[in-house]
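Encoded as structure tokens, the structure appears first; notes follow it.
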Amino acid sequence: MAATPQALAGLKVIDAATLFAGPFAATMLGDYGAEVIKIEHPRGDPARGHGPSKDGVPLWWKSLARNKKAVTLNLGLSEGQQLFRQLAAEADVVIENFRPGTLERWGLGYDVLCADNPGLVLARVTGFGQRGPYAGRPGFGTLAEAMSGFAAMTGEPDGPPTLPPFGLADGVSALTCAFAVMTALRARERTGRGQVVDLAIIEPLLSILGPQPIAYDQLGVVPPRTGNRSTNNAPRNVYRSRDGRWLAVSTSAQNIAERVLKLVGRPEFITEPWFASGAGRAEHADELDAAVSAWIARHTSEEVIAEFEAANAAIAPIYDVSDVLADPQYAALDTITTVPDPDLGPLRMQNVLFRLFDTPGAIRWTGPALGAHNAEVYQGLGLEAEALERLQQQGVV
């Protein structure tokens, strides 16, 4: 438990979304003190079946559903819909990711929820948004990674477009959703009214890909695949040391590029006219890569990192997760923290995203069992134990 009040204490969030973008946004809100009620169909959220498990315990769920109160509810049944309305009437935020029109078909559209609770913020996270020709299509992060332009520019020049091996679009959308929710809540402080957040997963990833749309609009330029190189600066690549470790070098700043070329013994490049800009250096990436690669290949990774640090140049080893968990900087930040779990005992997972010094976030508990908080949440609505048991037998909860 956090020793001081958390920033979002008193905020009540209903997480009625599935899989990753919407639920992860709710996780972030819960990490900073919001009371998050996670609604699952009585058969369980599909995220429970994603990723690795240990002794039948889903590991991803332990992180994704942390700090959430797990309740079961069948929104396809009338009594389930009524219970949802009661929950939403007391909430500040509802996050959902059903296809457009689904809530309305259940009698749970924003007009209904807003009539019960005018201050409610309804965050609708879908693949393609609430309108447009694709709105009714099933949408997943993979499709956003494809359609945003990300895959087209990722991979080697002579290779195929490359999709990320993790939920990149979902993660970026989750961050965007959490920001959108807080923006809508800030507006509510001024207006007294809630509103709908319409977030299409195809949009946030596109927004962070740089100036592609404006460059195409003004210059007709389509970014090529460049592997680990950049079209904006050089040397920028991964290089292999004498002991076989891969190291990443960045020279986004001009002075860093100059330090790197001095370090690897090729200061003559610095006086070339093309070296004065990142774009100019990128046009000569072959020459610069050859110089940096040859120098790094003659040294061990430990020697390379030490020399780069002494020169105040930018370098980092390529880590896998085992390296992350052993790294002293991550340890100093408590980026990977240890939390107790009733099923698995102490386990390590990513900590909260950032540190607030006066109102810190915290992992108060890990992802709970299916329906673990049914009694607490529904009895809080006035349901007696007998009524709750009846609803369970009828498949409502």
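Some values worked out for this structure:
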item: Residue in region 244-254 that is of a type outside the set (Asp, Glu), assigned to a helix (DSSP H, G or I) and open to solvent by less than 70 Å² (accessible area, probe 1.4 Å) present; result: yes
item: Number of positions in region 297-325 that are closer than 27 Å to Gln350 by Cβ, open to solvent by less than 90 Å² (accessible area, probe 1.4 Å) and assigned to a helix (DSSP H, G or I); result: 6
item: Residue count, region 19-33 (criterion: of a type in the set (Ser, Thr, Tyr) and buried (at least 24 other Cβ atoms within 10 Å of the Cβ)); result: 1
item: Pro235 being open to solvent by 50 Å² or more (accessible area, probe 1.4 Å) and more than 17 Å from Glu302 (Cβ to Cβ); result: no
item: Subset of region 60-83 [hydroxyl-bearing (Ser, Thr, Tyr) and closer than 19 Å to Gly167 by Cβ]; result: Ser63
item: Close pairs from region 214-234: first over 24 Å from Asp286 (Cβ atoms), partner open to solvent by less than 70 Å² (accessible area, probe 1.4 Å) and modelled with pLDDT under 95, Cβ under 9 Å, at least 6 apart; result: Tyr216/Pro223
item: Filter result for Arg364 (modelled with pLDDT of 95 or more, over 18 Å from Pro42 (Cα atoms), in a strand (DSSP E or B) and within 30 Å of the chain's Cα centre (by Cα)); result: no
item: Considering residues of region 34-57 that are of a type outside the set (A, V, I, L, M) and in contact with a Lys or Arg (Cβ under 9 Å, 6 or more places away or on another chain) only, the residue surrounded by the most Cβ atoms within 10 Å (Cβ to Cβ); result: Lys38
item: Among residues of region 183-200, those that are closer than 18 Å to Val112 by Cα, surrounded by 16 or more Cβ atoms within 10 Å (Cβ to Cβ) and touching a Gly at 6+ places or on another chain (Cβ under 7 Å), counted; result: 2
item: Total residues in region 132-174, condition in a loop (DSSP other than H, G, I, E, B), open to solvent by less than 50 Å² (accessible area, probe 1.4 Å) and among the hydroxyl-bearing types (Ser, Thr, Tyr); result: 2
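The values are calculated or read from the model by the stated rules, or taken from the named source; none is laboratory data. What you are looking at is a predicted structure, and each value in this text was computed from that prediction instead of being measured. When we count neighbours, we look across all protein chains shown, and the Cβ atoms used for this are built from the backbone with ideal geometry, even at glycine. Just the protein is used for accessible areas: all its heavy atoms, side chains included, with ligands, DNA and RNA removed. Shrake-Rupley method; radii C 1.70, N 1.55, O 1.52, S 1.80 Å.
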